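Taking it in order: structure first as structure tokens, then the write-up.
The values are calculated or read from the model by the stated rules, or taken from the named source; none is laboratory data. It should be emphasised that the depicted structure is a prediction, and the values quoted were computed from it without experimental measurement. Backbone-built Cβ (ideal geometry, glycine too); neighbour counts: all protein chains shown. Accessible surface is based on the protein model in full, side chains and every heavy atom, while ligands, DNA and RNA are left aside. Shrake-Rupley method; radii C 1.70, N 1.55, O 1.52, S 1.80 Å.
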Amino acid sequence: MNQNNEFCMVLTTCPNQQEADTHAQTIIEKRLGACVQSSPIHSHYMWEGEVQSDPEVLLRIKTTCERYKALEQYLKAEHSYDVPQVIQIPIENGLPEYLDWVREETALSSQ
């Protein structure tokens, strides 16, 4: 059974697939996330007073709330953007077997 606030999904964007793949591999290797999915997207946003429109790659990272801060610190330090998108979305429910797997793959004792 999912404990309240135990699991989350973290969203970030990368400028290209190469950077997205590098982050995904490192996140998995460091056990900061159990699964990272990437998808091409097109973002529209205001930056430094001008409307921007750029292709990006969205990463959806499934992890535990316990690992969120370390994941945030990794992305802040290693991301190519000055201010990367790092958004935590709580996972309220999910297939218990899947959530058990997320817990196991992000456990610090598994390193």
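Which of the GluC sites (Glu not before Pro) found in the range 23-111 are loop residues per DSSP with 15 or fewer other Cβ atoms within 10 Å of their Cβ?
Answer in residue order: 48, 92.
Provide the gained length on full extension for the span residue 46 to residue 82, in nm with one decimal, where the gain is 0.36 nm per separating residue minus the Cα-Cα distance.
Here the segment from residue 46 to residue 82 would lengthen by 11.5 nm.
Note the listed values (i) 30, 18, 11; (ii) 41, 17, 12; (iii) 27, 15, 12, then indicate which one is semi-axes √(5λ) of the Cα gyration tensor in Å calculated from this particular structure.
It is the value labelled (iii).
Can you give the accessible area of residue 64, probe radius 1.4 Å, in Å² rounded to 10?
10
If the cut-off is a Cα-Cα distance under 20 Å, which aspartates and glutamates reach residue 76, setting aside same-chain residues fewer than 8 apart in sequence?
Qualifying aspartates and glutamates at Cα under 20 Å: 19, 21, 29, 48, 56, 66.
Using the Karplus equation 6.51 cos²θ - 1.76 cosθ + 1.60 (θ = phi - 60°), what ³J(HN,Hα) coupling, rounded to whole Hz, does each residue of the range 81-93 give in order, writing x for Gly and Pro?
7, 4, 10, x, 5, 9, 10, 9, 10, x, 9, 7, 8
Mind listing the long-range amide H neighbours of residue 13? Cut-off is under 5 Å, sequence gap 5 or more, other chains count too, H placed in the peptide plane at 1.01 Å from N.
Under 5 Å from the amide H of residue 13 lie the amide H atoms of 59, 85, each far enough along the sequence or on another chain.
Just to be sure I understand: with springs between alpha-carbon atoms less than 10 Å apart, which residue in 88, 37, 18 has the highest mean-square fluctuation in the Gaussian network model of the chain?
18
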